[in-house]
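Notes for the one structure printed next.
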Amino acid sequence: MKSIHTEKAPQAIGPYSQAIAAGGLVFSAGQVAIDPATGELVAGDTAAQTRQVLKNLTAVMAAAGTGLGQVVKTTVFLKNFDDFAAMNAVYAEAFGDHKPARSTVEVVRLPKNALVEIEAIAIVR
């Protein structure tokens, strides 16, 4: 088992790793739309936040030696399910023809009052 860390994604805001690699898989922590350069949540709507979340997730996966194309499962947490279409459009753009299994749930509150959070499991080759 190996802890994954990169400066290109937000630092953990609690006692956890950005991701853990184990058994040929990488399990990411949930990523919210924090800009790693400023440590602040990016301004904007759910689409803008989803773009930053996926940038952060891409950086964590790269640090683990994998990428979005190797993701097998994601979980998306939305503050408001009415924003599903906005999140989904950005998500579809990022993943392209690759369509990992996914669960999407509405939650009452996310860290830093974010609008979206995404975690992923990917294969490490």
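The values are calculated or read from the model by the stated rules, or taken from the named source; none is laboratory data. In this text the structure is predicted, and so the values were computed from the model without any measurement. Backbone-built Cβ (ideal geometry, glycine too); neighbour counts: all protein chains shown. Ligands, DNA and RNA are excluded from the accessible area calculation, which covers all protein heavy atoms including side chains. Shrake-Rupley method; radii C 1.70, N 1.55, O 1.52, S 1.80 Å.
Rank-order 47-57, 69-79 by packing density, defined as the average count of other C-beta atoms within 10 Å over each peptide's residues, highest first. Intermediate values should be presented prior to the final figure.
On the way: 47-57: 22.5, 69-79: 18.3.
In decreasing order of mean packing, 47-57, 69-79 become 47-57, 69-79.
How charged is the neighbourhood of GLY23? Take every other residue with its Cβ under 15 Å from the Cβ of GLY23, and add Lys/Arg as +1 and Asp/Glu as -1.
On the way: positive: LYS2, LYS73, ARG125; negative: none.
Charge balance near GLY23 sits at +3.
What is the range 11-80's relative contact order, in percent, from Cα pairs under 8 angstrom and six or more apart in sequence? Each step should come with its number before you reach the end.
Values: 57 pairs, mean separation 16.6, N = 70.
Answer for the range 11-80 is 24 percent.
How much net charge surrounds VAL116 when only the other residues with a Cβ under 14 Å from the Cβ of VAL116 are counted, with Lys and Arg +1 and Asp and Glu -1?
On the way: positive: ARG51, LYS55, LYS79, ARG102, ARG109, LYS112; negative: ASP45, ASP82, ASP83, GLU106, GLU117, GLU119.
Taking every Cβ under 14 Å from that of VAL116, the sum is 0.
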Problem - Percentage relative contact order, the chain, counting C-alpha pairs under 8 Å, at least six apart - result: 33 percent
Exercise for the section: Can you list which of the GluC sites (Glu not before Pro) found in the range 1-104 are DSSP loop residues with at most 15 other C-beta atoms within 10 Å? Expected result: GLU7, GLU40
Practice task
Please name whichever of ALA86, ILE20, THR75 sits farthest to the positive end of the charge dipole of the range 7-125, dipole taken about the Cα centre and charges placed at Cβ: Lys and Arg +1, Asp and Glu -1.
Solution key: ILE20
Handout entry: Cα-derived Rg over Rh, computed across the chain with Rh taken as Kirkwood radius
Key = 0.93
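Per DSSP H run of n ≥ 4, the term is -39500 (n - 2.57); total these for the chain, divide by its residue number, and report the mean residue ellipticity at 222 nm rounded to 500 deg cm²/dmol.
On the way: 2 runs with 30 residues, N = 125.
The helix contribution divided over the chain gives -8000 deg cm²/dmol.
Can you send over the carbon and sulfur percentage of the accessible area for the range 20-125, probe radius 1.4 Å, protein chains only?
Carbon-and-sulfur percentage of accessible area, whole number: 55.
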